[in-house]
1. Say a paramagnetic label sat at a point 7 Å from the Cα of residue 37, along Cα to Cβ; which residues of the stretch 50-66 have their backbone N under 16 Å from it?
2. Provide the gained length on full extension for the span residue 279 to residue 245, in nm with one decimal, where the gain is 0.36 nm per separating residue minus the Cα-Cα distance.
3. Quick check: residue separation of residue 213 and residue 48 times 0.36 nm, minus the Cα distance between them. What number comes out in nm?
4. Can you sort 157, 14, 221 so the residue with the fewest Cβ neighbours within 10 Å comes first?
5. Between the stretch 223-273 and the stretch 22-88, how far is it from one alpha carbon centroid to the other, in angstrom?
6. Working out 0.36 nm times the residue gap between residue 264 and residue 71, then minus their Cα-Cα distance, what length gain in nm do you get to one decimal?
7. Using a 7 Å offset from the Cα along the Cα-to-Cβ direction at both residue 63 and residue 142, what is the distance between the two label points in nm, to one decimal?
8. Over the chain, with a Gaussian network built from C-alpha contacts below 10 Å, which listed residue (100, 76, 12) shows the highest mean-square fluctuation?
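Nothing in this text is a laboratory measurement; each read-out follows from the coordinates by a stated rule. Just so you know, these numbers come straight off a predicted model, no measurement behind them. Cβ coordinates were reconstructed from backbone atoms using ideal geometry, including for glycine residues, and neighbour counts include every protein chain displayed.
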Ligand code: OGA
Ligand code: MN
């Protein structure tokens, strides 16, 4: 039996006393699944897991996706994306360094975005390099009724952030033309219904959402800013301070996250699996 301790009023719970190196029986898995729906972000402490065990646990939630940055997939385990600021002797990053420097939901730029991501801390800096998570149900629910009415049924255009010069070449290598062609922009609803909880969540973000469609451009710009600023108010946010061997599993359908850069010279090295979700509606 494991414990579930809420980590903040906003979102997130810590799971203590569960060993993810062991396969979970259906009953235990069911309780983990329900805890994930209830708390949106789960933190599993003190996990000693191999890439195979990380993948096996992730697969219980669905199929796993690769990543457009295929050069950062773990060799022999293409289900794992390396998120790292470490460098090879040649001076290249060994993983995606600037993953998540703006608030976003993983793969919201894809036609079929992600259900959730599982990030496992293999090396952490002595301080800093926190990841912040927000609650997109609360963000939606606390909007003024006028805004809810205004955005009901609206769609937005989404495009991978690296296509749009947010990052310097050093932080994030430019996508090749083949990579870019594999992630054309897509349309998703501004408000989505979570397929398992049935609850409504705001879905636009400041990394991948290009514009809100169907209304005047200037108005669309202001509305996007208003929504993205509202959704990251402190009362909707949990700050995760990493401990070594934490595995954090967040729900990309009802949360956004942002990574703070680690201090200069400190290593931060993570492995991420990404569970495939469904088409937002
Ligand atoms: C990610 C991401 C967050 C982090 O892996 O999806 O945004 O803390 N990274 O590195
Ligand atoms: Mn991310």
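1. The answer is 61-62.
2. Details: separation 34, 0.36 × 34 = 12.24 nm, distance 3.19 nm.
Using 0.36 nm per residue and subtracting the Cα-Cα distance, I get 9.0 nm.
3. Numbers: separation 165, 0.36 × 165 = 59.40 nm, distance 4.57 nm.
Taking 0.36 nm per residue and subtracting the Cα distance, the gain is 54.8 nm.
4. Working: 157 16, 14 19, 221 13.
The order, fewest Cβ neighbours first, is 221, 157, 14.
5. Answer, in whole Å: 16.
6. Result: 67.1 nm gained on full extension.
7. So the two model labels end up 3.7 nm from each other.
8. For the chain, modelled as a Gaussian network with Cα springs under 10 Å, the answer is 76.
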